[in-house]
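Worksheet for the structure shown next.
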Amino acid sequence: MAKMLYSVTMSLDGFIAGHGGDMSWLTEHIGPNPTVAEFIPQIGALLVGNRTFGGDDPHRGTEKEGKPFGGGWSGPQFILTHNAPATAVPGVTFVGDLDSGVTAAKAAAGDKYVNILGAEVARQCLEAGVLDELLVFIAPVLLGDGVRLFDHPGGTNIKLERLSLTHAPSATNLWLRVVS
Ligand SMILES: NC(=O)c1ccc[n+]([C@@H]2O[C@H](COP(=O)([O-])OP(=O)(O)OC[C@H]3O[C@@H](n4cnc5c(N)ncnc54)[C@H](OP(=O)(O)O)[C@@H]3O)[C@@H](O)[C@H]2O)c1
């Protein structure tokens with residue numbers, strides 16, 4: 001049975017996208033990272049929010065633009081949106097609600113991970129009790145504004161257990177399990 005994992009690069013001050021969705025800050029922090037290399041073959045499917053799908057790309061202007069992990073991974077992608085485009089996109093399935101997206105992505109992933117991309121989708125998965133793990137690549141940068149890794153107005157208290165802590169020149173990697 002596939003596990004659900006939210007993987008993301010985060011600034012030290014907790015942002016996954018900069019002001020206005022800017023992702024150019026990330027470009028210089030993409031580099032060799034053994035934890036990323038270890039994780040990518042374990043991904044069976046992606047569950048992606050539509051703001052991530054249609055948003056800025058740290059590979060903008062290069063041949064890697066628009067490709068998951070800059071072309072380092074390929075496979076079935078499920079995009080959550082209330083406004084699926086009329087034209088089909090190869091390799092991509094648009095899904096209109098969380099339950100359908102989780103079910104379809106898990107079925108496609110087999111015994112590998114469903115990798116969640118997008119903070120809004122990850123938050124909904126946490127609240128629905130279907131998020132198993134987080135893999136956070138902490139980049140040495142402060143952004144001051146943007147999209148938070150996790151946003152819950154009024155606060156909450158979700159317990160996490162650290163599975164591993166590793167270091168690469170580009171990032172510090174924290175692999176965590178959601179404690180249910
Ligand atoms: N630092 C990193 O590693 C990293 C990784 C990925 C993304 N990002 C950045 O993070 C930002 C996106 O994150 P985000 O939290 O703003 O948005 P998101 O989770 O990527 O997407 C949210 C959108 O997904 C759709 N959606 C969400 N839940 C749904 C549901 N239950 N049913 C149907 N559709 C649903 C809606 O799209 P519609 O409005 O179309 O209905 C919603 O507006 C972007 O700026 C992206 O570049 C950063």
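Checking each residue in segment 107-137 for being farther than 18 Å from residue 78 by Cβ and surrounded by fewer than 18 Cβ atoms within 10 Å (Cβ to Cβ) picks out 127, 129. Kindly indicate whether residue 147 is within 12 Å of the ligand (Cβ to nearest atom), in contact (Cβ under 8 Å) with a residue 24 or more places away in the chain and hydrophobic (A, V, I, L, M, F, W, C). So residue 147 passes the test.
Residues considered: 91, 70, 96. Of these, the only one that is surrounded by 15 or more Cβ atoms within 10 Å (Cβ to Cβ) and either over 24 Å from residue 34 (Cα atoms) or modelled with pLDDT under 95 (or both) is 70.
Being of a type in the set (Asp, Glu) and touching a residue at least 12 places away in the same chain (Cβ under 8 Å) is the filter; apply it to segment 100-127 and report the residue that is farthest from the ligand (Cβ to nearest atom).
Looking at residues that are of a type in the set (Asp, Glu) and touching a residue at least 12 places away in the same chain (Cβ under 8 Å), I get 111.
Quick check, is residue 149 out of contact with any helix residue (DSSP H, G or I) (no Cβ under 9 Å at 6 or more places or on another chain) and of a type in the set (A, V, I, L, M, F, W, C)? Answer is no for this residue. If the condition is being of a type in the set (Gly, Ala, Ser) and surrounded by fewer than 12 Cβ atoms within 10 Å (Cβ to Cβ), then segment 139-180 contributes 144, 154, 155, 164, 180. Being more than 22 Å from residue 1 (Cβ to Cβ), more than 15 Å from the ligand (Cβ to nearest atom) and free of Cβ contacts under 8 Å to residues at least 24 places away in the same chain narrows it down to one residue among 96, 154; which is it? None of the other options fit; the residue is 154. Within segment 13-49, restricting attention to residues that are farther than 16 Å from residue 135 by Cβ and within 12 Å of the chain's Cα centre (by Cα), the residue that is surrounded by the fewest Cβ atoms within 10 Å (Cβ to Cβ) is 49. When the residues of segment 1-39 are filtered to those that are among the β-branched types (Val, Ile, Thr), modelled with pLDDT of 95 or more and under 23 Å from residue 114 (Cα atoms), the one that is farthest from the ligand (Cβ to nearest atom) is 35. Residues satisfying the criterion are absent from segment 29-37 (criterion: within 22 Å of residue 148 (Cα to Cα), part of a strand (DSSP E or B) and in contact (Cβ under 8 Å) with a residue 60 or more places away in the chain).
The values are calculated or read from the model by the stated rules, or taken from the named source; none is laboratory data. Quick caveat: nothing in here was measured; it's all calculated off a predicted structure. Quick reminder, even Gly has a Cβ in these numbers, built from the backbone with ideal geometry, and neighbours come from all protein chains shown.
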